[in-house]
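> Quick one: the structure is below, and I'll ask about it shortly.
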Amino acid sequence: MSKVGYARVSSEDQSLNIQVCALKAAGCTKVFSDKASASNTKRTGLIQLLEYVREDDAIVITRIDRISRSVLDLKLLMAKLHSLKVHLSVLEQSIDTASASGRAFLDMLAVFAEFELNIRKERQLEGIAAAKKAGKYKGRKPLDNSIKEKAKELYSQIHNKSEVARVLNISRSSLHKLI
């Protein structure tokens with residue numbers, strides 16, 4: 001059995017150093033990492049980790065929200081780990097899914113991690129609504145009429161939203177609204 005670490009931060013400008021040091025101090029022989037949102041289930045480091053681990057290995061993380069913030073995503077990941085006969089160990093919350101109590105505690109923490117994420121989103125939306133009401137948040141400037149006309153013209157010629165959006169340097173969703 002070997003311990004294999006996984007570290008994740010949400011953006012490129014954040015540092016993985018604290019997590020990596022903690023994982024190495026916990027005895028991890030190898031550490032995989034990602035700089036990506038937890039909602040992105042196609043993270044390169046996580047995929048490599050799952051390909052690397054072998055039966056009876058332990059995946060070690062510092063906190064549960066480093067591997068998933070969604071109860072559904074965590075359940076799917078745990079099913080995958082179960083099929084690989086690999087267990088998960090969480091350092092800061094003292095969880096080890098090798099035991100029934102560890103699996104139950106993990107389930108509870110996953111629910112609270114998703115709840116915390118949803119509360120944060122609600123607060124953000126409330127803040128935006130309050131700023132709009134106070135006249136401090138006006139949203140993005142509308143696209144210029146010339147761009148609107150060019151978008152319609154190019155789309156009628158090319159019929160490919162991605163290409164038209166790239167040419168006009170606008171998002172596909174903006175282009176979709178225009179068409």
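The values are calculated or read from the model by the stated rules, or taken from the named source; none is laboratory data. On a predicted model such as this, the values are computed, not experimentally measured, just so you know. For neighbour counting, all protein chains shown are included, and Cβ atoms are generated from backbone atoms with ideal geometry for every residue, glycine included.
> Residue pairs, Cβ under 9 Å, 6 or more apart or interchain, first in the range 33-50 and in contact (Cβ under 8 Å) with a residue 40 or more places away in the chain, second surrounded by 17 or more Cβ atoms within 10 Å (Cβ to Cβ) and assigned to a helix (DSSP H, G or I). List them.
L46/L77
> What is the one condition in (1) among the aliphatic types (A, V, I, L, M); (2) closer than 30 Å to R66 by Cα; (3) touching a helix residue (DSSP H, G or I) at 6+ places or on another chain (Cβ under 7 Å) that V164 does not satisfy?
Unmet for V164, out of (1) among the aliphatic types (A, V, I, L, M); (2) closer than 30 Å to R66 by Cα; (3) touching a helix residue (DSSP H, G or I) at 6+ places or on another chain (Cβ under 7 Å): (2).
> Among the numbered criteria (1) within 30 Å of V164 (Cβ to Cβ); (2) not assigned by TED's automatic domain parsing to the domain that holds A165, which one does R123 miss?
(1)
> Which strands (runs of 3 or more DSSP E) does the range 19-95 wholly contain that include 3 or more residues that are touching a helix residue (DSSP H, G or I) at 6+ places or on another chain (Cβ under 6 Å)? So that I can check it myself, show each step before the final result.
On the way: elements: 30-35, 58-61, 87-90.
Those strands (runs of 3 or more DSSP E) span 30-35.
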